[in-house]
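Data block below; observations after.
The values are calculated or read from the model by the stated rules, or taken from the named source; none is laboratory data. Values in this document were obtained by computation on a predicted structure and should not be read as measured data. FYI the Cβ positions are ideal-geometry reconstructions off the backbone, even for glycines, and counts take in every protein chain you see.
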Amino acid sequence: MSASPDSPQDVPKPFPVALILWGAAGMLLNVGIARFTYGVMLPSLRRDLGLDLFASGSLNAFHLAGYLIGTLLAPSLGRRLPPWRMARAAHLIVVAGAIACALAPASALGFSVLAAGRLATGIGAGIAIVATFVIVFEAVSAAKRPLVSAVVWSGLNVGIVGSGLCVAPLLETALGWRAAFGFAALLALILAVAFPPAGYRTERGVSALAAEQVTLPEKIISSRWLFLGGTYLCFGVGYVAYSTFAGVRLTAINASAFTIGTTWTVLGLASMIGSFATIPVLTSERLKRIALIVAMSFGAFGSFVAAGGSSVAAIAGAAFIGFGLASVPTIVSAYARDRTDAQSYPRAFSIVTAFLGIGQLIGPTVGGAVGDWLGSGAIPLFAAAAFGTGALLAALDAFALRRG
């Protein structure tokens, strides 16, 4: 979950509604369906393939490892390809990976096919998201980018809500999880072929990504950067551990399909509210200083509540987690932008994002191992510990900044 640096072009431009909707659809696919629908379909997928929690989490880790690889490959590809060609190629990679997942056999071979497919969809998603933000940001003025970013990221929340509305077939039938991967392949194909509109298909390379690798200020290694990176790592651990296994936890306590669907719907709606709430928060210096602490604290409290064995606890926990789900990446991006100059920002932000990538690999694997060892109820407590540690690091980050 990351955004690309600002484009240097600040001239007034017409508002590209179709392009922004294309970007939001990309977020729906590459984050909403890829990460959060997986949590809903996991109980039926585990049943069909006979997977334990560690193996189930590992499949999500393969996807997130691919996402990290794709993000790291994007700068090099950006020197060779225009962004629209990057986005098209990336979504075609997602098509191939999603089809492989949909056709995975219900046998010992199935895990290997799913792992390869999840890795491919992650690589494609990582490249596509970077290219998408470059295309969209270059099409709007700098003043409109915070709003546009929130709208594009809202696609993630639509994906979460959609997963909640489709929970019955995803949970109860083998066809459900295969159909979800099939739908992902179809949507990726549409995104690759139909958009971006021809007017945004420039042939020049991605200037923001092809910038020279500058030497960062020495303070990039200072406590203020390490605390920020550590907070982002903890966020990655917490939200992926929760989202991967929330469906498993709910089925373990015999929650109804209605409760599971409501939990996902509330998570998506709360995430949308939190995403748009960051716009006024980040314009206030006083609120901005505590924004990351509050967002991580919401995640810690929500995960702790979600560990309860009732439907009410699950839904209430999802609401609190959702408030920080899409807002944390936006806040971290703003913090990183404030702490360095425009020339150094792309590299600085990539370093901070690498912390997130590490956390996203730890969350589903360690969370799965914890669940196998202590039971599914321990997973949200593990997520709460990660979020809580992140909130503490965010507080130390704010203290370090205040001391100069």
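Among the residues here, Val148 qualifies as surrounded by fewer than 24 Cβ atoms within 10 Å (Cβ to Cβ) and either assigned to a helix (DSSP H, G or I) or free of Cβ contacts under 8 Å to residues at least 24 places away in the same chain (or both).
Scanning the stretch 259-270 for residues that are polar (S, T, N, Q), in a helix (DSSP H, G or I) and within 26 Å of Leu396 (Cβ to Cβ) turns up nothing. Can you find a residue in the stretch 69-86 that is outside the structural domain of Phe245 (by TED's automatic domain parsing), under 21 Å from the mean Cα position of the chain (by Cα) and closer than 16 Å to Gly110 by Cα? No, because not a single residue in the stretch 69-86 is outside the structural domain of Phe245 (by TED's automatic domain parsing), under 21 Å from the mean Cα position of the chain (by Cα) and closer than 16 Å to Gly110 by Cα.
Residues considered: Leu269, Leu292, Leu287, Leu325. Of these, the only one that is aliphatic (A, V, I, L, M), under 17 Å from the mean Cα position of the chain (by Cα), surrounded by fewer than 19 Cβ atoms within 10 Å (Cβ to Cβ) and outside the structural domain of Gly162 (by TED's automatic domain parsing) is Leu269.
Quick check: is even one residue across the stretch 381-402 of a type in the set (D, E, K, R) and either more than 28 Å from Thr251 (Cα to Cα) or outside any helix (DSSP H, G or I) (or both)? Yes: the stretch 381-402 contains one or more residues that are of a type in the set (D, E, K, R) and either more than 28 Å from Thr251 (Cα to Cα) or outside any helix (DSSP H, G or I) (or both). In this structure, does Gly230 turn out to be modelled with pLDDT of 65 or more, out of contact with any Lys or Arg (no Cβ under 9 Å at 6 or more places or on another chain), assigned to a helix (DSSP H, G or I) and farther than 22 Å from Leu156 by Cβ? It is true that Gly230 is modelled with pLDDT of 65 or more, out of contact with any Lys or Arg (no Cβ under 9 Å at 6 or more places or on another chain), assigned to a helix (DSSP H, G or I) and farther than 22 Å from Leu156 by Cβ. Could we say that Gly308 is outside any helix (DSSP H, G or I), under 30 Å from Leu51 (Cβ atoms) and either touching a Ser or Thr at 6+ places or on another chain (Cβ under 8 Å) or free of Cβ contacts under 8 Å to residues at least 60 places away in the same chain (or both) here? For Gly308, the condition - outside any helix (DSSP H, G or I), under 30 Å from Leu51 (Cβ atoms) and either touching a Ser or Thr at 6+ places or on another chain (Cβ under 8 Å) or free of Cβ contacts under 8 Å to residues at least 60 places away in the same chain (or both) - is met.
Considering only residues that are buried (at least 24 other Cβ atoms within 10 Å of the Cβ), within 9 Å of the chain's Cα centre (by Cα) and either in the same structural domain as Leu269 (by TED's automatic domain parsing) or under 14 Å from Gly124 (Cα atoms) (or both), which ones fall in the stretch 20-33? Listed by number, the residues that qualify are Met27, Asn30.
Scanning the stretch 384-404 for residues being within 17 Å of Leu325 (Cβ to Cβ) and either of a type outside the set (A, V, I, L, M, F, W, C) or touching a His at 6+ places or on another chain (Cβ under 6 Å) (or both) gives a total of 2.
Candidates Thr330, Thr340: the one that is modelled with pLDDT under 85 and either part of a helix (DSSP H, G or I) or touching a strand residue (DSSP E or B) at 6+ places or on another chain (Cβ under 6 Å) (or both) is Thr330. Across the stretch 69-87, the qualifying residues are those that are surrounded by fewer than 20 Cβ atoms within 10 Å (Cβ to Cβ) and in a helix (DSSP H, G or I), and the one among them that is modelled with the lowest pLDDT is Pro75.
Name the one entry in Val158, Val151, Val140 that is in contact with a Lys or Arg (Cβ under 8 Å, 6 or more places away or on another chain) and either under 15 Å from Trp22 (Cβ atoms) or not assigned by TED's automatic domain parsing to the domain that holds Ala102 (or both). Only one candidate qualifies: Val140.
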